[in-house]
Amino acid sequence: MTGTSMSSADQMKGTKSHTIGDLGYNTNVYAEKNDQMVKVGEYLDKSGFIPKDLVQNEVSWFYVNLGIDDYYFALESVETIANHIMALYGAKILAFTRNENVLDINLEKESEDSSVYIHSSQPGVSLVNGPQFEKKIDEMYLDTSATSDAYRVESYRSITTVPNGMTASQIRSYFVTKCQFNSPNPTPEQETDINQVADQNFLKKATEHTRNIYQDIIRNVLQRTGPVIEMYDVQGTRERRLIIGYRQRSTQGFFSAMSDLYHYYDLYSSRKYVEQFSNGVTIMGLYLNPLPSTRAAPIEHTIYQVMKETSLLYCLPRNPLQQFFITSKLSVQETVYGYVGWIFSQHFLNRLGKEYLSLTHILDNANPLHEDVLAKMKKRLRQDTFTREYILDIVKQYPDLIKLLYANFAKVHYVNQREASLQPTISYQRLSTVEDLTEEQLLKKIKNVTSNSHEQLVFESFLTFNKHVLKTNFYQTTKVALSFRMNPSFLPEIEYPTPLYGMFLVVGSEFRGFHLRFSDVARGGIRMIRSRNREAYSINLRTLFDENYALAATQHRKNKDIPEGGSKGTILLDIDQQDKPLVAFEKYVDSVLDLLIDGQTIGIKDKLVDLTSKPEILFFGPDEGTADYMDWASQHARRRNASFWKAFTTGKSQSLGGIPHDLYGMTTRSVHQYILGIYRKFDIKEEECTKLQTGGPDGDLGSNEIKISKDKTIAIVDGSGVLYDSKGIDRQELTRLATSRLMISNFNLERLSAQGFRVLVDENNVILPNGEVVENGLIFRNTFHTNPLAQATLFAPMGGRPESVGLDNVQNLIEGPNGPLFKYIVEGANLFFTQEARLRLEKAGVTIFKDASANKGGVTSSSLEVLAALAFNDSEFAEHMSVKQDQPVPAFYKAYVKEVQDIIERNARLEFEALWEEHQKTHTAISILSDELSNAIVQLNEQLQTTGLWENPVLRETVLKRAFPKLLLDKLGLETLLKRVPENYVKAIFGASVASQFVYKYGPRPDNFAFFEFMRENY
């Protein structure tokens, strides 16, 4: 072969080919084939199904004329081969009786360790109907292949010689065998050695050159997240050998999707192989040829387009528009674009409309009844107007509109990589043949082609998508998921009153997700969202963006004391991919990094169109379902040469400089300051205070609250169920669970009083001590916080789903047997209450401190962790912030953690007192004051960063010396800090410090001279 050994990005730069002289694999030869052939004949003679005088002819035809690869005969037993010959004999008789001149061959044999599929196959054509063997191989063997249970595939095409009167056809054979690895569990030293990690059959069959190629590909796959794509020319022919390496279980349906791809360009495969390796790598080898009578572009050009589009298929091998691609109505790029447009439409069609806007003006938001009507109407409109199925039906009706809208998208974001010196890519040529329409012309075309206003709205949303994409990795060659940096200005103010600064949409084969932020420098957690069943998935899908927006907005208000604004990321696992959270997270992070890392990296990152025209940094933190992944994200950013890798994630392990919130109780320290504040103001003795806590001893907030409190906890609700004891749950046993981070399902029931009980989520028809019967444990757990049994002085939600209390159930908390179920509430869990529910509770006399105020300790800790990462260089960071195993904790780290804890508790006390004082003075609801206080700090912070105050060097130095942690100033000095920390981050520190100090002292509604007085007194 003449090899063009290159990744698809390399070939754009004209990498030279090199020559090799083998076919990649040794030809399969079964030495005992003739002996086996005799035994098969004898078996058929005995069976009597085929007339004795025809047996020899049928056996000979099967062994010689069908062209079946010898691997089949080596794999199968005499009985199986005889049965296949009988099946073909029956097929010939059936074809004769029907006067059909085409013999349809369709054989299969499946067993635990190997399977064989042989069928008639027209080259270069994807079967829309029929046996669909490749999809079957994907689903049964390749999608699920993992290091411990993997399957390899060999597939061959051959021309058959058929009986007289029948048309000659080609057959395709697939041989699937279970892998036998030399080292099933390779050590780190062994995992890059192909002789250790390869299947034994592969090592026997592959030529030395193939082993060398695959060795290099394995190394590259292990260093990347995305696919490695290489291509070789077969010497003296037009055949091309395409080799694709990727991580096991990182894509689904890829083998069959690749066939659809090369068929689209009138190519067929003479043979193909899928090899598995015990280090978690899969390598697919395809030998591609042009169809003899094709009118398509020559393979010398189309092969590069196949390589480019392979990465798109790897990201999304299956989508609901696949049929248009298989039938050549749309290209892969157009199909994938249509799929992304469909997803965008599901989330952002203007579902509420003008009528809803009119209603908001007519009805009174302050009236709870009106508010309830509006909330229900909003939910109903979003749910019923444009369902995802309805939108898909509309999209499928107009493939030509998808083609036009894709061209509109591509003409902005597609970069012709093959430069002027080479001929333009097929993508570029394809674009030049599509009508080039302006936005106005496109709108007119959509209006003329569609048949009603709903259809028009769907395709107008595609155009909205196009107009607001600022950069994308759509055309990158090694992407693992699609990412789009969006301008969020299209979001309607009626639904999203606080404008977003930045928005990312990420689409992968296992998930979809967003990342939203309210300021340039922003930080927040990445949340993994799972679904118990299809109904739950449907709900999660509908609420995904709104939940993400609400979480980011809460984070923004919560981040008032720190330089970063609020952000949040969400990853919604597809309903059939609930076991792939790590895969989804890795793809999400890598595809976002595609848009953050500047410049080009050969073979990994191509040039992209960037309409933001400025560098961006995102800061990720742990959230539900991602706490264990932060180390990987930080190290992956480092591997991709991101300059910000140390600060990219918080919640890392201590060896990477992380400050674990749970280990040091960072979030709980903030929440507990509000609880202690309530005890002070209402003169409550903690030991006598009864408490309900959601979020159990297995969680961060729940476990730390148990460990630092002394109250009389009567009930705890966690993921496993409800634990209750009206006498007070045994504190010693609770502490044991909290220390070991165990759920209440591990509670020793002997420690409960006679009035105590435990109901687990999987229990039904449980009789409580008071005689009440719990029919369903799951429902009991989900609703216990509204149950009269939950009545307590204090409610501390330390865990639970967003909107667990809303207008639909808040009345249960207000109208308990003895008045409101709780006198005081400190909301540790994010968004546990809706704002409407909080206001109703306050109106009923309940004192409630909301999440954005109470649980900000974690964000403060993370912010100061980021600051240390930005301030130290790599060697200093390793010395002062890295806690190495079996070595003493660095003295700086110990002292820094203590300073962080002090800052958290001080900020919490300051805000508590500010809220309390303002509430006493104005009688405004604390839930409203909390937002006003946060908004006042955030707005003043933004203003301070753009005023002349920043330009005053003396003032700037004074503010920053107070704002930076003392330990960092002592260790590095202000001058070094200003050199190393990005200026936009330092500006944010300046603004946040002055703004929070001022608002905490003068409240959210100061008079006109207050700021002047504040600056004169303090600076």
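What the table shows:
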{"quantity": "Whole-percent carbon and sulfur share, accessible surface of the chain, 1.4 Å", "calculated": "49 percent"}
{"quantity": "Amide hydrogen neighbours beyond the local backbone of THR694, cut-off 5 Å, H modeled", "calculated": "VAL717, ALA796, MET798, GLY799"}
{"quantity": "Within-10-Å neighbourhood charge of ASP69 [Cβ basis; K, R +1; D, E -1]", "calculated": "0"}
{"quantity": "Per-residue HN-Hα couplings for region 275-289 [Karplus 6.51, -1.76, 1.60; θ = phi - 60°; Hz; x = Gly/Pro]", "calculated": "10, 10, 10, 6, 8, x, 9, 10, 10, 10, x, 10, 9, 10, 9"}
{"quantity": "Area of THR192 that stays accessible when all protein chains are in place (1.4 Å probe, Å², to 10)", "calculated": "50 Å²"}
{"quantity": "At least 20 Å along the helix axis (C-alpha) and Kyte average at least 0.5, DSSP helices within the chain", "calculated": "78-97, 581-596, 857-871"}
{"quantity": "Proximal charge balance of ILE903 [Cβ under 13 Å; K/R count +1, D/E count -1]", "calculated": "+1"}
{"quantity": "Area accessible to solvent at GLU932, 1.4 Å probe radius, in Å²", "calculated": "60 Å²"}
{"quantity": "Percentage, to the nearest whole number, of Cα pairs in region 587-720 over 23 Å apart", "calculated": "52 percent"}
{"quantity": "Hull volume in cubic angstrom per residue (convex hull over the Cα atoms of region 452-587)", "calculated": "139 Å³"}
{"quantity": "Paramagnetic reach from TYR390 (point 7 Å along Cα→Cβ, amide N under 18 Å) across region 535-578", "calculated": "538-544"}
{"quantity": "Spacing of the two label points (7 Å from each Cα toward its C-beta) at LYS33 and MET86, in nm", "calculated": "2.5 nm"}
{"quantity": "Dimensionless Rg ratio for region 945-1019, taking C-alpha atoms and the 2.2 N^0.38 Å reference", "calculated": "1.16"}
{"quantity": "Rh (Kirkwood; distinct C-alpha pairs) - region 525-569, Å", "calculated": "11.5 Å"}
{"quantity": "Distance from region 34-91 to region 109-158 (C-alpha centre basis), Å", "calculated": "22 Å"}
{"quantity": "Rounded FRET efficiency, nearest 0.05, which uses the C-beta distance separating ARG909 from LYS727 and R0 of 35 Å", "calculated": "0.60"}
{"quantity": "The chain, relative contact order in percent, only Cα pairs under 8 angstrom and at least six apart counted", "calculated": "7 percent"}
{"quantity": "Inter-centroid distance (Cα atoms) of region 932-993 relative to region 195-262, Å", "calculated": "52 Å"}
{"quantity": "Karplus-derived HN-Hα couplings along region 650-661 (A = 6.51, B = -1.76, C = 1.60, θ = phi - 60°), whole Hz, x at Gly and Pro", "calculated": "10, x, 6, 5, 5, 5, 9, x, x, 10, x, 4"}
{"quantity": "Relative contact order computed over region 865-1019 (Cα-Cα under 8 Å; 6+ residues apart), in percent", "calculated": "29 percent"}
{"quantity": "Heavy-atom accessible area order for LEU261, LEU910, largest first, 1.4 Å probe", "calculated": "LEU910, LEU261"}
{"quantity": "Antiparallel content of DSSP bridges confined to the chain, in %, to 5", "calculated": "75 percent"}
{"quantity": "Amide H contacts under 5 Å for ARG527, placed H, 5+ residues apart", "calculated": "GLY569, THR570, ILE571"}
{"quantity": "Distance between region 439-464 and region 710-732 - C-alpha centres, whole angstrom", "calculated": "58 Å"}
{"quantity": "Gain in span if fully extended, ASP364 to ASP762, counting 0.36 nm per residue against the direct Cα distance", "calculated": "138.9 nm"}
{"quantity": "Semi-axis lengths (Å, descending) of the ellipsoid that matches the C-alpha gyration tensor of region 464-526", "calculated": "22, 14, 11"}
{"quantity": "Gain in span if fully extended, ASN770 to ASP874, counting 0.36 nm per residue against the direct Cα distance", "calculated": "31.2 nm"}
{"quantity": "Relative contact order %, region 523-592, counting alpha carbon pairs below 8 Å whose residues are six or more apart", "calculated": "42 percent"}
{"quantity": "Out-of-range pairs (alpha-carbon distance over 27 Å; input LYS329/LYS479; LYS558/LYS987; LYS580/LYS856; LYS46/LYS135; LYS587/LYS898)", "calculated": "LYS580/LYS856; LYS46/LYS135; LYS587/LYS898"}
{"quantity": "Computed magnitude of the charge dipole of region 659-817 (debye, nearest 20; Cβ of K, R +1, Cβ of D, E -1)", "calculated": "520 debye"}
{"quantity": "Cα gyration tensor category, rounded, prolate or oblate, for region 163-292 with a/c compared to 1.5", "calculated": "prolate"}
{"quantity": "Built amide H within the under 5 Å cut-off of PHE474, gap 5+", "calculated": "SER483"}
{"quantity": "Among MET630, THR946, GLY41 the positive-end extreme of the charge dipole of the chain (Cβ point charges)", "calculated": "THR946"}
{"quantity": "Shape call, region 704-745: gyration tensor on alpha carbons, a/c limit 1.5", "calculated": "oblate"}
{"quantity": "Over the chain - Rg/Rh using Cα atoms and the Kirkwood inverse-distance radius", "calculated": "1.02"}
{"quantity": "Solvent-accessible area of ARG512 with every protein chain in place, 1.4 Å probe, in Å² to the nearest 10", "calculated": "10 Å²"}
{"quantity": "Listed residue (SER853, TYR679, PHE1011) projecting farthest to the positive dipole end of the chain, Cβ model", "calculated": "PHE1011"}
{"quantity": "Expected 222 nm ellipticity per residue - DSSP helices of 4 or more, -39500 (n - 2.57), all of the chain, to 500", "calculated": "-14000 deg cm²/dmol"}
{"quantity": "Which of LEU286, GLY338, THR302, positive extreme of dipole for region 275-342 (C-beta unit charges)", "calculated": "GLY338"}
{"quantity": "Taking all pairs of distinct alpha-carbon atoms in region 842-989, Kirkwood radius in angstrom", "calculated": "17.7 Å"}
{"quantity": "Note, ³J(HN,Hα) from phi for region 171-178, Karplus 6.51, -1.76, 1.60, rounded to Hz, x at Gly and Pro", "calculated": "10, 10, 10, 10, 10, 10, 10, 6"}
{"quantity": "P(r) of region 30-103 over all Cα-Cα pairs, binned every 5 Å from zero, in whole percent", "calculated": "3, 16, 28, 24, 16, 9, 3, 1"}
{"quantity": "1.4 Å probe accessible area per residue over region 792-887, in Å²", "calculated": "33 Å²"}
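The values are calculated or read from the model by the stated rules, or taken from the named source; none is laboratory data. This is a predicted model, so every value here is computed, not measured. Cβ atoms come from the backbone with ideal geometry, glycine included; neighbour counts cover every protein chain shown. Ligands, DNA and RNA are stripped out before the accessible areas are found, and what is left, the full protein with its side chains, is counted by its heavy atoms. Shrake-Rupley method; radii C 1.70, N 1.55, O 1.52, S 1.80 Å.
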